[in-house]
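As structure tokens, the structure follows; a few thoughts come after it.
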Ligand code: GAP
């Protein structure tokens, strides 16, 4: 179905029915920016709720909401200031900017790994010219994708709009760790806007400049990469494209772990959780696969990374990345902020160990620092021996920073009973692109009903923006009042409903089918009197079957159908 969908038709429907509108359209629009209309907002929120119900519900994760503007220090530490760039070239004649790797994609399997020099050479070798005007292309350069701003007046404090929500979780690690009573694993989710100043936004909602992510950061013990419910899913089958063969293979989760294809059990578990999430949202399992990043494609922080890819009219498209980020983020933020971001891992029993300790030289401290000597000695002995080995430390006493050389301390090796050790947690990250999921769900549910000659969205009831359309057969004789009262009851009970009394019943069904409403209910004359008094007709979007049911049971029946009950058996 998907391959036959023309994205222009789908986007036209989205615009007409209030799912998606190009932003700032009255001013000519801005590439890569879209607004969600009422139905789009509802569908997007429903997707987020399914994601939340899995992570906050079943897996017991906590949710936070952090700032979108971050000071430069955050992204210097994360590596985005130095690494988060695409390669750009400008036409020397018409000045149009292009992503350099996109211009040579027909000649190379993986053009995004070519260096600046290799791209310059590729233009010459393959005679690549400006696609707009045929002019010569200028030298290829790096273009950082972050939007830069100033925090406060003046330009002293540089800030960036976040390119991923993840960093807001990493910089809050210590708060979250304390909240979790200093235990691992610690699972945190966050959804919100991210910003990337894409050189050439294209393919509608696939490459946007402002987009939405649903990110999950799971902090785990680096020496224990299992997961408590792994055994429950280890025999699930999954389609993988490993980077060694680049061919799709179907295997069980456990086979993938045992053969070393997926790096560890916890990563594999969340690859499978991603699959479950996407299927629940309505992604077709036959058009879903998990592709492992090639070694040179991996992000600067990733130790192993898998993309959930779906088959769309554009071809296979990444909608979620699931990475083992190792200890990259916490190590870097600890280093750049000077804050400890580790976990104290208790041993089962205290063990005797040789450890380094910093010892103050009391005899020298006394004459030099007099009354302060005792506090200084305490501060010295609290220092990290590794830092002290550099020959210089800075301590803080009574708000004063004091720099000391190793004239005043020594690092000694002692045998001690220790009850545990500090480790830097590793991070497992399923990072979902909400807009890409939204688009994929729409595209894969899009269908043209040849018989009725109109478009149907076969959205899963759980994500459909409207669950029930309520119609009076005619807008008169009390049918309208009865239908309106039913609509109000359903809406108040939490089932998103609409009342529609205009046009023929066929037209009203068509309007509901086109926006993916799974059920419609019609009130007719028999509802008001006779043997069938107080019954209404319920109609199923996909099978087009209709049944007569008691009006006071409509809400319950729809809820049962949404939970998977068979329409035949209601
Ligand atoms: N924290 C990890 C991270 O951000 P990513 O692979 O760069 O990883 C995660 O992004 C997901 O965000 C992608 O799988 C994609 O679905 C979505 N995404 C990334 N850039 C996007 C863009 N410009 N427009 C829309 N979605 C985007």
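Descriptive notes on the structure:
- Where residue 506 falls short, out of the listed (1) assigned to a strand (DSSP E or B); (2) more than 16 Å from the ligand (Cβ to nearest atom); (3) over 25 Å from residue 44 (Cβ atoms): (1)
- Conditions (1) in contact with a strand residue (DSSP E or B) (Cβ under 9 Å, 6 or more places away or on another chain); (2) surrounded by fewer than 18 Cβ atoms within 10 Å (Cβ to Cβ); (3) outside the structural domain of residue 270 (by TED's automatic domain parsing): number failed by residue 449: (3)
This table checks each residue for (1) more than 15 Å from the ligand (Cβ to nearest atom); (2) part of a strand (DSSP E or B).
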| site | (1), (2) |
| --- | --- |
| 277 | no, no |
| 294 | no, no |
| 317 | no, yes |
| 321 | no, yes |
| 324 | no, yes |
| 344 | yes, yes |
| 348 | yes, yes |
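For every residue, the table says whether it meets (1) under 18 Å from the mean Cα position of the chain (by Cα); (2) under 22 Å from residue 297 (Cα atoms); (3) more than 16 Å from the ligand (Cβ to nearest atom); (4) surrounded by fewer than 17 Cβ atoms within 10 Å (Cβ to Cβ).
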{"site": "193", "(1), (2), (3), (4)": "yes, no, no, yes"}
{"site": "207", "(1), (2), (3), (4)": "yes, yes, no, no"}
{"site": "225", "(1), (2), (3), (4)": "no, no, yes, no"}
{"site": "244", "(1), (2), (3), (4)": "no, yes, yes, yes"}
{"site": "248", "(1), (2), (3), (4)": "no, yes, yes, yes"}
{"site": "271", "(1), (2), (3), (4)": "yes, yes, no, no"}
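- Condition met for residue 43 (touching a strand residue (DSSP E or B) at 6+ places or on another chain (Cβ under 9 Å), over 25 Å from residue 192 (Cα atoms) and surrounded by 14 or more Cβ atoms within 10 Å (Cβ to Cβ)): no
- Residue selected from region 151-160 under the condition in contact (Cβ under 8 Å) with a residue 24 or more places away in the chain and surrounded by fewer than 20 Cβ atoms within 10 Å (Cβ to Cβ), by the criterion farthest from the ligand (Cβ to nearest atom): 157
- Check on residue 330, touching a strand residue (DSSP E or B) at 6+ places or on another chain (Cβ under 9 Å), more than 27 Å from residue 422 (Cβ to Cβ) and more than 12 Å from the ligand (Cβ to nearest atom): no
- Top-ranked residue in region 296-315 [being in contact with a helix residue (DSSP H, G or I) (Cβ under 6 Å, 6 or more places away or on another chain) and more than 19 Å from residue 265 (Cα to Cα); ranked as nearest to the ligand (Cβ to nearest atom)]: 301
- Yes/no for residue 177 being surrounded by 14 or more Cβ atoms within 10 Å (Cβ to Cβ), within 16 Å of the ligand (Cβ to nearest atom), assigned by TED's automatic domain parsing to the domain that holds residue 63 and not in a loop (DSSP other than H, G, I, E, B): no
- Region 87-106, residues that are over 14 Å from residue 138 (Cα atoms) and modelled with pLDDT of 95 or more: 104
Matching residues to (1) within 16 Å of the ligand (Cβ to nearest atom); (2) under 47 Å from the mean Cα position of the chain (by Cα):
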| residue | (1), (2) |
| --- | --- |
| 359 | no, no |
| 362 | no, no |
| 367 | no, no |
| 393 | no, yes |
| 417 | no, yes |
| 431 | yes, yes |
| 437 | yes, yes |
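The values are calculated or read from the model by the stated rules, or taken from the named source; none is laboratory data. Because the structure is a prediction, the values reported are computed rather than measured. Counting neighbours? That spans all protein chains shown, and the Cβs are built from the backbone with ideal geometry, glycine included.
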